[in-house]
């Protein structure tokens, strides 16, 4: 390793020395005479270097990948100027020997490009100068100038964006440093390109002066020093000068084209082929229209048929082939993404971390129950989705997805409902049988097995499916096994709503609020109540099956009470009073609210059991256990009696005792609503069912 570390710096230093010697050699050419053979090598190297620069400019992904272009452009320009001076020296010194006096490269250009006629050479040279000077270089200079100006103006905003991403945790320190360095390089690059484009424009002017000097100086030297006829001297020196000009202008034109491609690339990523051909070919309809126009030109009398027809056919073929190619590429990308996702899913399923994840709602099915459910899986999925939508409309938040799994540990006819991995209910379904709920009514007059209905604990009977028609004729409504399971699942979810409202769900509800209520939330959270405290309030409401669909009204009520109370229980009581209209509306039947009142004796007993501090706030509930037992007995009898008479009613008590009455009643009747007198909304029609006394 030490030997390698010693060799690498040595090679780097040798490369630096070689590069420096190359620059010195270019400078030496400016002053020292160069043989024709070395001049040929130098001119060939100049052309090769310009072609290499153009190819790199075509294949880079973004301009910053060729950030050394201004330096390379300066070196290439200096090399061409040095070679131009060297060729001038040879032309003026040896021009009387003929067109081969300045080497074979210039001789070849003078014969091939000019076709032996210096007038053609002058015209071609002037056209190249015009194209390079007025078109390519001028446009590239303007693009670089505007790009540099816009880049410099955008630096403060980009710096602030980088700092904002860093503060938000979207990027780390290394990424921030990389982006800042890239921003600095971008500004320096466009600024350098603005000045580097001037090199090529200056070289074009220098080439004009050089060719004029070579022509007139050569004619004077040839006629006065070497006794050449004026016509012969003009022919030889003009050919040599124009050939020299062409040899220098062709590489200059290539480098100018590379500069124009580089600065015009802008924010487009990818190679020039991807940027140009990919975007031009991305619109098949444009190609179809172009092909049609070429076909029209081919049919116009007087215009050549073959070129336009070939172009029309080529464009039509490309327009036809591109959609197929794009579809194939899209299919490949989709298949590749699906394969990668499948690999990730398999890896996730096999990982130990995946085994630690617990589904929020899970239904485990026994073997026979699973086979029965799987036959109607699509219908079951539809009914589950419908049930989740119903819960969302009724309670104001979306319950988690329900996972169905098979379990060999269960009895074949059993199923389990799990909430956060904990068994909430276990029941049995009999495949091939129907459940008939009878309650306190008569039993069906068919062979049956008496059971308790799993959702509400009512009396029921399992009967064979073959007796279904007979049971219906008897006035009963039999229920299939899937409906029994879904009804039970629905009731279990209702009983566990507080556990299913996660912090993420609450944040999702907040994000869907209107901007005005988001500002209200910012005023009270976290200065007066924390987000976890807000979640606790919502959970307490859901625990009593109070919907949180009107979240904006709940937030307004919380904002009213939080300056005066911080305990979640106190906040909930105030919120319930503010949304009394909603609570009563959900409990009423046909606009009538059925209520069962707490008798005066029990109101007094609960009131005397409340211990208060000096501010009058309840700090303790101290009641004799015998009174609790007696209340449970009397309340149970009254509630059971009313439940047989009416489907839906509420128990009404004093406001300060309501939470404690609810605490006792929910152990016996978890679905029974307990209201305070202040929670009965104005204008609601009340029907009294009696009192507990």
Contact list, first residue from the range 15-31 and touching a residue at least 60 places away in the same chain (Cβ under 8 Å), second anywhere and in a helix (DSSP H, G or I) and surrounded by 11 or more Cβ atoms within 10 Å (Cβ to Cβ), beta-carbon distance below 7 Å, six or more apart or interchain, is none
Of the residues in the range 41-60 that are buried (at least 18 other Cβ atoms within 10 Å of the Cβ) and more than 17 Å from residue 253 (Cα to Cα), the one that is farthest from the chain's Cα centre (by Cα) is 42
Check: Out of curiosity, is residue 256 over 30 Å from residue 43 (Cβ atoms) and either modelled with pLDDT of 75 or more or not assigned by TED's automatic domain parsing to the domain that holds residue 40 (or both)?
Finding: no
Scanning the range 153-165 for residues that are surrounded by 13 or more Cβ atoms within 10 Å (Cβ to Cβ) and either at pLDDT below 75 or assigned by TED's automatic domain parsing to the domain that holds residue 259 (or both) gives 154, 155
**Message:** Being under 25 Å from residue 453 (Cα atoms) and either touching a residue at least 12 places away in the same chain (Cβ under 8 Å) or outside the structural domain of residue 413 (by TED's automatic domain parsing) (or both): is that true of residue 492 here?
**Reply:** yes
Quick count over the range 574-607, residues being surrounded by fewer than 20 Cβ atoms within 10 Å (Cβ to Cβ), within 42 Å of the chain's Cα centre (by Cα) and under 25 Å from residue 638 (Cβ atoms), is 1
Subset of the range 507-533, residues surrounded by 11 or more Cβ atoms within 10 Å (Cβ to Cβ) and within 23 Å of the chain's Cα centre (by Cα), comes to 507, 508, 509, 510, 513
message: Can you find a residue that is in contact (Cβ under 8 Å) with a residue 12 or more places away in the chain, more than 22 Å from residue 478 (Cβ to Cβ), part of a helix (DSSP H, G or I) and assigned by TED's automatic domain parsing to the domain that holds residue 478 anywhere in the range 417-435?
response: no
Discussion item. Among the residues in the range 457-473, are any assigned by TED's automatic domain parsing to the domain that holds residue 413, assigned to a loop (DSSP other than H, G, I, E, B) and surrounded by fewer than 16 Cβ atoms within 10 Å (Cβ to Cβ)?
Written reply: yes
Filtering the range 481-498 for residues that are farther than 11 Å from residue 387 by Cα and either touching a strand residue (DSSP E or B) at 6+ places or on another chain (Cβ under 8 Å) or crowded, with 21+ Cβ neighbours inside 10 Å (or both) leaves a count of 8
If we keep only residues of the range 636-653 that are modelled with pLDDT of 85 or more and in contact with a helix residue (DSSP H, G or I) (Cβ under 7 Å, 6 or more places away or on another chain), then the residue surrounded by the most Cβ atoms within 10 Å (Cβ to Cβ) is 653
Picking from 326, 404, 380, the residue that is under 26 Å from residue 504 (Cβ atoms) and at pLDDT below 85 would be 404
**Message:** Could you go through the range 608-623 and let me know if any residue there is on the phi < 0 side of the Ramachandran plot, touching a residue at least 40 places away in the same chain (Cβ under 8 Å) and assigned to a helix (DSSP H, G or I).
**Reply:** no
How many residues of the range 412-436 are surrounded by 14 or more Cβ atoms within 10 Å (Cβ to Cβ) and over 20 Å from residue 380 (Cα atoms)? The answer is 3
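The values are calculated or read from the model by the stated rules, or taken from the named source; none is laboratory data. This structure is a prediction, so every number in the text was calculated from the model and none was measured. Positions of Cβ are generated from backbone atoms using ideal geometry, with glycine treated the same way; all protein chains shown enter the neighbour counts.
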